[in-house]
Amino acid sequence: MDLRQINFGIEIETVKRTRERVARAVQSVVGGEVRHVGSPASFDPWEITDEQGRTWKVVADGSLINVPGHLRAEVVSPVLAYTDIPTLQEVIRAVRRCGAKIDQRCGIHIHVDATAFDGRTLGNLAKIIYKQEPLILNALGVNETRQRNYSKPVSDDLIRKIERRRPKTKDQLNRIWYGYHNSRPQHFDSSRYHGVNLHNVWYRGTVEFRWFEGTLHAGKVRAYIQLVLAVAAKALNGRAASSRKRKFNPQSARYDFRVFLLHLGLIGDEFKTARKHLLAALPGDSAFKRGRPKPKTQTAVEADVPTEAGPQTRPPAFSGNGTADTDEGGAP
(Lines give C-alpha, C1' and ligand atoms only; values in the text may rest on other atoms or scores of the structure.)
Protein backbone atom coordinates (compact mmCIF):
# COMPACT_ATOMS: atom_id res chain seq x y z
CA MET A 1 0.00 0.00 0.00
CA ASP A 2 1.25 3.47 -0.87
CA LEU A 3 1.33 6.00 1.96
CA ARG A 4 -0.82 8.32 -0.18
CA GLN A 5 -3.67 5.81 -0.02
CA ILE A 6 -3.99 5.88 3.77
CA ASN A 7 -6.56 8.19 5.36
CA PHE A 8 -5.81 10.10 8.54
CA GLY A 9 -7.14 12.64 11.02
CA ILE A 10 -5.44 15.15 13.28
CA GLU A 11 -5.99 16.98 16.58
CA ILE A 12 -4.13 20.26 17.14
CA GLU A 13 -4.21 21.89 20.58
CA THR A 14 -4.04 25.69 20.88
CA VAL A 15 -4.43 28.38 23.55
CA LYS A 16 -5.07 32.14 23.82
CA ARG A 17 -8.13 32.31 21.50
CA THR A 18 -11.74 31.28 22.09
CA ARG A 19 -13.18 28.21 20.42
CA GLU A 20 -15.56 30.39 18.39
CA ARG A 21 -12.70 32.51 17.07
CA VAL A 22 -10.70 29.42 16.08
CA ALA A 23 -13.77 27.81 14.50
CA ARG A 24 -14.35 30.85 12.33
CA ALA A 25 -10.70 30.76 11.28
CA VAL A 26 -11.20 27.15 10.16
CA GLN A 27 -14.37 28.17 8.29
CA SER A 28 -12.45 30.89 6.43
CA VAL A 29 -10.56 28.08 4.67
CA VAL A 30 -13.00 25.17 4.38
CA GLY A 31 -16.20 27.20 3.90
CA GLY A 32 -19.57 25.93 5.05
CA GLU A 33 -21.34 26.83 8.27
CA VAL A 34 -20.29 27.26 11.89
CA ARG A 35 -22.53 26.31 14.81
CA HIS A 36 -22.11 26.12 18.55
CA VAL A 37 -23.13 22.65 19.67
CA GLY A 38 -22.13 23.11 23.29
CA SER A 39 -22.77 19.50 24.28
CA PRO A 40 -21.21 17.74 26.03
CA ALA A 41 -20.47 20.77 28.14
CA SER A 42 -17.04 19.46 29.16
CA PHE A 43 -15.89 19.78 25.51
CA ASP A 44 -18.16 22.72 24.57
CA PRO A 45 -17.78 21.91 20.85
CA TRP A 46 -18.09 24.23 17.90
CA GLU A 47 -18.62 22.51 14.57
CA ILE A 48 -17.84 23.57 11.01
CA THR A 49 -19.60 21.68 8.22
CA ASP A 50 -17.37 22.25 5.22
CA GLU A 51 -18.39 22.47 1.58
CA GLN A 52 -17.86 18.70 1.18
CA GLY A 53 -20.21 17.93 4.06
CA ARG A 54 -17.41 16.94 6.44
CA THR A 55 -17.42 18.10 10.06
CA TRP A 56 -14.47 19.89 11.61
CA LYS A 57 -14.65 20.47 15.37
CA VAL A 58 -13.10 22.90 17.80
CA VAL A 59 -13.38 21.59 21.36
CA ALA A 60 -12.09 22.30 24.85
CA ASP A 61 -9.21 20.27 26.23
CA GLY A 62 -8.92 19.76 29.97
CA SER A 63 -5.15 19.22 29.85
CA LEU A 64 -4.43 22.82 28.78
CA ILE A 65 -4.48 24.10 32.34
CA ASN A 66 -2.09 27.03 31.79
CA VAL A 67 -4.88 29.26 30.44
CA PRO A 68 -8.54 29.96 31.39
CA GLY A 69 -11.05 27.38 30.15
CA HIS A 70 -12.59 29.61 27.48
CA LEU A 71 -9.17 30.07 25.81
CA ARG A 72 -8.54 26.35 25.20
CA ALA A 73 -9.23 25.29 21.61
CA GLU A 74 -8.40 21.93 20.05
CA VAL A 75 -8.95 21.64 16.30
CA VAL A 76 -10.25 18.16 15.38
CA SER A 77 -10.27 17.37 11.68
CA PRO A 78 -12.64 15.01 9.88
CA VAL A 79 -11.23 11.97 8.08
CA LEU A 80 -8.76 13.37 5.55
CA ALA A 81 -7.05 11.97 2.47
CA TYR A 82 -3.46 12.65 1.47
CA THR A 83 -4.67 15.17 -1.11
CA ASP A 84 -6.27 17.20 1.74
CA ILE A 85 -2.91 18.04 3.32
CA PRO A 86 -2.58 21.43 1.53
CA THR A 87 -6.07 22.41 2.78
CA LEU A 88 -5.10 21.37 6.31
CA GLN A 89 -1.98 23.51 6.06
CA GLU A 90 -4.12 26.52 5.11
CA VAL A 91 -6.36 25.80 8.12
CA ILE A 92 -3.28 25.84 10.38
CA ARG A 93 -2.12 29.14 8.91
CA ALA A 94 -5.57 30.67 9.39
CA VAL A 95 -5.66 29.51 13.02
CA ARG A 96 -2.24 31.07 13.58
CA ARG A 97 -3.31 34.34 11.92
CA CYS A 98 -6.34 34.61 14.21
CA GLY A 99 -3.95 34.84 17.16
CA ALA A 100 -4.03 31.29 18.52
CA LYS A 101 -0.81 30.16 20.19
CA ILE A 102 0.78 27.01 21.55
CA ASP A 103 2.49 26.51 24.90
CA GLN A 104 4.48 23.71 26.50
CA ARG A 105 1.34 21.71 27.31
CA CYS A 106 -0.02 21.75 23.75
CA GLY A 107 0.37 18.67 21.60
CA ILE A 108 -0.67 17.16 18.28
CA HIS A 109 -2.21 13.72 17.81
CA ILE A 110 -2.37 12.06 14.39
CA HIS A 111 -4.78 9.19 13.71
CA VAL A 112 -4.13 6.71 10.91
CA ASP A 113 -6.94 4.55 9.53
CA ALA A 114 -6.48 1.04 10.96
CA THR A 115 -8.89 -0.71 8.56
CA ALA A 116 -6.14 -2.34 6.49
CA PHE A 117 -4.21 -3.63 9.53
CA ASP A 118 -4.41 -7.10 11.03
CA GLY A 119 -2.59 -8.61 14.00
CA ARG A 120 0.59 -9.29 12.04
CA THR A 121 0.89 -5.82 10.51
CA LEU A 122 0.06 -4.10 13.80
CA GLY A 123 2.86 -6.21 15.27
CA ASN A 124 5.12 -5.00 12.46
CA LEU A 125 4.20 -1.43 13.33
CA ALA A 126 5.00 -1.89 17.02
CA LYS A 127 8.37 -3.46 16.18
CA ILE A 128 9.35 -0.77 13.65
CA ILE A 129 8.62 1.93 16.22
CA TYR A 130 10.32 0.04 19.04
CA LYS A 131 13.50 -0.32 16.98
CA GLN A 132 13.68 3.33 15.91
CA GLU A 133 11.97 5.08 18.83
CA PRO A 134 15.11 6.57 20.43
CA LEU A 135 15.84 8.32 17.11
CA ILE A 136 12.20 9.33 16.61
CA LEU A 137 11.86 10.83 20.08
CA ASN A 138 15.06 12.86 19.68
CA ALA A 139 14.15 13.98 16.16
CA LEU A 140 10.73 15.19 17.33
CA GLY A 141 12.10 16.77 20.52
CA VAL A 142 9.56 14.97 22.72
CA ASN A 143 9.99 16.33 26.24
CA GLU A 144 10.41 14.04 29.25
CA THR A 145 7.05 14.96 30.79
CA ARG A 146 5.21 13.97 27.61
CA GLN A 147 7.16 10.71 27.36
CA ARG A 148 6.49 9.89 31.00
CA ASN A 149 2.77 10.73 31.11
CA TYR A 150 1.10 11.06 27.71
CA SER A 151 3.23 9.32 25.05
CA LYS A 152 5.07 6.46 26.71
CA PRO A 153 7.50 4.48 24.56
CA VAL A 154 6.69 1.01 23.23
CA SER A 155 7.35 -1.37 26.11
CA ASP A 156 9.84 -4.24 26.11
CA ASP A 157 7.08 -6.48 27.45
CA LEU A 158 4.73 -5.76 24.52
CA ILE A 159 7.44 -6.60 21.99
CA ARG A 160 8.39 -9.84 23.81
CA LYS A 161 4.75 -10.96 23.74
CA ILE A 162 4.36 -10.09 20.06
CA GLU A 163 7.56 -11.98 19.21
CA ARG A 164 6.46 -15.00 21.22
CA ARG A 165 2.79 -15.22 20.20
CA ARG A 166 3.02 -13.88 16.62
CA PRO A 167 -0.56 -12.54 16.43
CA LYS A 168 -2.34 -12.84 13.10
CA THR A 169 -5.66 -11.17 13.94
CA LYS A 170 -6.66 -7.97 15.70
CA ASP A 171 -8.39 -10.04 18.38
CA GLN A 172 -5.16 -11.88 19.14
CA LEU A 173 -3.29 -8.59 19.43
CA ASN A 174 -6.13 -7.21 21.56
CA ARG A 175 -5.34 -9.86 24.19
CA ILE A 176 -1.66 -8.96 24.08
CA TRP A 177 -2.29 -5.20 24.36
CA TYR A 178 -4.74 -5.37 27.30
CA GLY A 179 -3.69 -8.64 28.92
CA TYR A 180 -7.21 -9.99 28.35
CA HIS A 181 -9.83 -9.82 25.58
CA ASN A 182 -11.29 -6.33 25.85
CA SER A 183 -14.54 -6.43 23.88
CA ARG A 184 -15.78 -3.05 25.15
CA PRO A 185 -12.87 -0.58 25.21
CA GLN A 186 -13.53 2.80 26.83
CA HIS A 187 -12.15 6.16 25.76
CA PHE A 188 -10.02 6.84 28.85
CA ASP A 189 -8.41 3.41 29.13
CA SER A 190 -5.00 3.81 30.79
CA SER A 191 -3.24 2.03 27.92
CA ARG A 192 -3.99 4.92 25.56
CA TYR A 193 -1.13 7.08 26.88
CA HIS A 194 1.55 5.68 24.57
CA GLY A 195 3.37 7.39 21.71
CA VAL A 196 1.81 4.73 19.48
CA ASN A 197 -1.65 4.13 20.94
CA LEU A 198 -3.06 0.80 19.77
CA HIS A 199 -6.01 1.09 22.19
CA ASN A 200 -7.63 3.29 19.56
CA VAL A 201 -7.62 0.40 17.07
CA TRP A 202 -10.46 -1.16 19.03
CA TYR A 203 -12.01 2.03 20.38
CA ARG A 204 -12.41 4.03 17.16
CA GLY A 205 -10.62 2.16 14.37
CA THR A 206 -7.40 4.17 14.18
CA VAL A 207 -3.78 3.97 15.27
CA GLU A 208 -3.05 7.14 17.21
CA PHE A 209 0.42 8.72 17.24
CA ARG A 210 0.78 10.97 20.29
CA TRP A 211 4.45 12.03 20.20
CA PHE A 212 4.16 15.49 18.77
CA GLU A 213 4.82 18.75 20.58
CA GLY A 214 2.37 21.53 19.74
CA THR A 215 3.06 23.67 16.69
CA LEU A 216 1.22 25.93 14.26
CA HIS A 217 3.97 25.57 11.66
CA ALA A 218 2.18 24.14 8.62
CA GLY A 219 5.35 22.64 7.13
CA LYS A 220 6.20 20.75 10.32
CA VAL A 221 2.67 19.37 10.59
CA ARG A 222 2.89 18.14 7.00
CA ALA A 223 6.21 16.44 7.85
CA TYR A 224 4.67 14.73 10.89
CA ILE A 225 1.77 13.41 8.81
CA GLN A 226 4.06 12.10 6.10
CA LEU A 227 6.22 10.38 8.72
CA VAL A 228 3.35 8.44 10.33
CA LEU A 229 1.77 7.55 6.98
CA ALA A 230 5.14 6.23 5.77
CA VAL A 231 5.62 4.14 8.94
CA ALA A 232 2.09 2.76 8.56
CA ALA A 233 2.70 1.86 4.91
CA LYS A 234 6.00 0.18 5.83
CA ALA A 235 4.24 -1.97 8.44
CA LEU A 236 1.43 -2.90 6.04
CA ASN A 237 3.76 -3.82 3.20
CA GLY A 238 6.34 -5.79 5.15
CA ARG A 239 6.19 -9.55 5.64
CA ALA A 240 8.00 -9.10 8.94
CA ALA A 241 9.89 -6.46 10.91
CA SER A 242 12.97 -6.43 13.10
CA SER A 243 12.60 -5.41 16.72
CA ARG A 244 16.32 -5.12 17.48
CA LYS A 245 16.44 -1.77 19.23
CA ARG A 246 18.75 0.86 17.79
CA LYS A 247 20.87 2.73 20.29
CA PHE A 248 20.95 6.50 19.98
CA ASN A 249 24.40 7.65 18.82
CA PRO A 250 24.80 11.45 18.76
CA GLN A 251 27.66 11.23 16.26
CA SER A 252 25.60 9.40 13.64
CA ALA A 253 22.04 10.34 14.66
CA ARG A 254 21.25 12.60 11.72
CA TYR A 255 22.71 10.13 9.23
CA ASP A 256 20.90 7.17 10.83
CA PHE A 257 17.54 8.92 10.80
CA ARG A 258 17.97 10.11 7.22
CA VAL A 259 18.63 6.50 6.17
CA PHE A 260 15.49 5.42 8.08
CA LEU A 261 13.41 8.08 6.30
CA LEU A 262 14.71 6.95 2.91
CA HIS A 263 13.91 3.33 3.75
CA LEU A 264 10.37 4.48 4.55
CA GLY A 265 10.12 5.84 1.02
CA LEU A 266 10.41 9.53 1.91
CA ILE A 267 12.65 10.12 -1.10
CA GLY A 268 12.76 12.91 -3.67
CA ASP A 269 11.49 16.47 -3.91
CA GLU A 270 7.99 15.67 -2.60
CA PHE A 271 9.45 14.84 0.81
CA LYS A 272 12.39 17.24 0.81
CA THR A 273 10.76 19.61 3.29
CA ALA A 274 9.73 16.71 5.51
CA ARG A 275 13.32 15.48 5.68
CA LYS A 276 14.51 18.99 6.47
CA HIS A 277 12.14 19.39 9.43
CA LEU A 278 12.55 15.86 10.74
CA LEU A 279 16.36 16.00 10.68
CA ALA A 280 16.79 19.55 11.97
CA ALA A 281 16.99 18.76 15.70
CA LEU A 282 19.42 15.85 15.43
CA PRO A 283 23.20 16.09 15.91
CA GLY A 284 25.66 14.76 13.36
CA ASP A 285 25.80 15.03 9.58
CA SER A 286 23.09 13.67 7.29
CA ALA A 287 25.60 12.63 4.61
CA PHE A 288 28.36 11.10 6.75
CA LYS A 289 27.81 8.46 9.45
CA ARG A 290 30.98 9.37 11.38
CA GLY A 291 30.83 13.08 10.75
CA ARG A 292 31.99 15.13 7.81
CA PRO A 293 35.70 14.42 7.14
CA LYS A 294 38.05 17.32 7.63
CA PRO A 295 40.09 18.50 4.61
CA LYS A 296 43.56 17.01 4.48
CA THR A 297 46.26 19.52 5.37
CA GLN A 298 48.90 20.00 2.71
CA THR A 299 52.58 20.96 2.93
CA ALA A 300 53.10 24.43 4.29
CA VAL A 301 54.14 27.18 1.87
CA GLU A 302 57.84 27.46 1.36
CA ALA A 303 58.88 31.06 1.66
CA ASP A 304 61.56 33.04 -0.25
CA VAL A 305 63.78 30.27 -1.58
CA PRO A 306 66.94 32.08 -2.86
CA THR A 307 68.22 31.13 -6.31
CA GLU A 308 70.67 32.62 -8.75
CA ALA A 309 67.80 34.55 -10.25
CA GLY A 310 66.94 36.04 -6.90
CA PRO A 311 64.35 35.28 -4.21
CA GLN A 312 61.30 33.24 -5.22
CA THR A 313 57.97 32.70 -3.45
CA ARG A 314 55.83 29.72 -4.28
CA PRO A 315 52.07 30.31 -4.57
CA PRO A 316 50.08 28.96 -1.62
CA ALA A 317 48.83 25.39 -2.03
CA PHE A 318 45.11 25.04 -2.75
CA SER A 319 43.12 22.89 -0.35
CA GLY A 320 39.68 21.84 -1.71
CA ASN A 321 36.77 21.41 0.64
CA GLY A 322 35.30 18.11 -0.60
CA THR A 323 31.57 17.57 -0.24
CA ALA A 324 29.31 14.58 -0.75
CA ASP A 325 26.24 14.69 -2.99
CA THR A 326 22.92 14.28 -1.23
CA ASP A 327 19.40 13.78 -2.48
CA GLU A 328 18.56 17.30 -1.35
CA GLY A 329 21.15 19.30 -3.27
CA GLY A 330 23.29 19.81 -0.20
CA ALA A 331 20.42 20.64 2.16
CA PRO A 332 20.47 18.91 5.54
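Here are a few things to note about the model shown:
- From the list L80, L125, the one residue that fits, being farther than 30 Å from P68 by Cα, touching a residue at least 24 places away in the same chain (Cβ under 8 Å) and crowded, with 22+ Cβ neighbours inside 10 Å, is L125.
- Some residue of the range 122-130 being assigned to a helix (DSSP H, G or I) and of a type in the set (S, T, Y): yes
- Applying the criterion of at least 1 residues that are among the hydroxyl-bearing types (S, T, Y), within 28 Å of A232 (Cα to Cα) and in contact (Cβ under 8 Å) with a residue 12 or more places away in the chain to the strands (runs of 3 or more DSSP E) found wholly in the range 1-74 leaves 8-15, 55-59.
- E90 touching a Gly at 6+ places or on another chain (Cβ under 9 Å) and of a type in the set (D, E): no
- Elements of the type helices (runs of 4 or more DSSP H) sitting completely within the range 185-276 and holding at least 3 residues that are under 28 Å from V75 (Cβ atoms) and open to solvent by 10 Å² or more (accessible area, probe 1.4 Å): these cover 199-203, 218-237.
- Of all residues in the range 156-204, those satisfying the criterion of being free of Cβ contacts under 8 Å to residues at least 12 places away in the same chain and polar (S, T, N, Q) are S183, S190.
- Some residue of the range 147-160 being part of a helix (DSSP H, G or I), acidic (D, E) and at pLDDT 95 or above: yes
- Checking every residue in the range 257-280 against the condition of being more than 25 Å from Y82 (Cβ to Cβ), touching a helix residue (DSSP H, G or I) at 6+ places or on another chain (Cβ under 6 Å) and modelled with pLDDT of 85 or more gives zero matches.
- Among residues of the range 248-266, those that are out of contact with any Leu (no Cβ under 8 Å at 6 or more places or on another chain) and not aromatic (F, W, Y), counted: 7
- Test set (1) farther than 17 Å from E11 by Cα; (2) under 26 Å from the mean Cα position of the chain (by Cα); (3) modelled with pLDDT of 95 or more - K101 fails condition number: (1)
- The set of residues in the range 1-27 that are open to solvent by 20 Å² or more (accessible area, probe 1.4 Å), touching a strand residue (DSSP E or B) at 6+ places or on another chain (Cβ under 6 Å) and under 20 Å from T121 (Cβ atoms) contains only N7.
- Criterion: β-branched (V, I, T) and farther than 27 Å from V75 by Cβ - qualifying residue of I159, I136, I102, I129: I159
- Conditions (1) part of a loop (DSSP other than H, G, I, E, B); (2) modelled with pLDDT under 95; number of the one not met by H181: (2)
- Once the range 28-46 is narrowed to residues that are open to solvent by less than 30 Å² (accessible area, probe 1.4 Å) and of a type outside the set (A, V, I, L, M, F, W, C), the residue that is farthest from P78 (Cα to Cα) is G38.
The values are calculated or read from the model by the stated rules, or taken from the named source; none is laboratory data. What you see is a predicted model, and the numbers here were worked out from it, not measured in a lab. Note that we place each Cβ from the backbone using ideal geometry, even for glycine, and neighbour counts take in every protein chain shown. Ligands, DNA and RNA are excluded from the accessible area calculation, which covers all protein heavy atoms including side chains. Shrake-Rupley method; radii C 1.70, N 1.55, O 1.52, S 1.80 Å.
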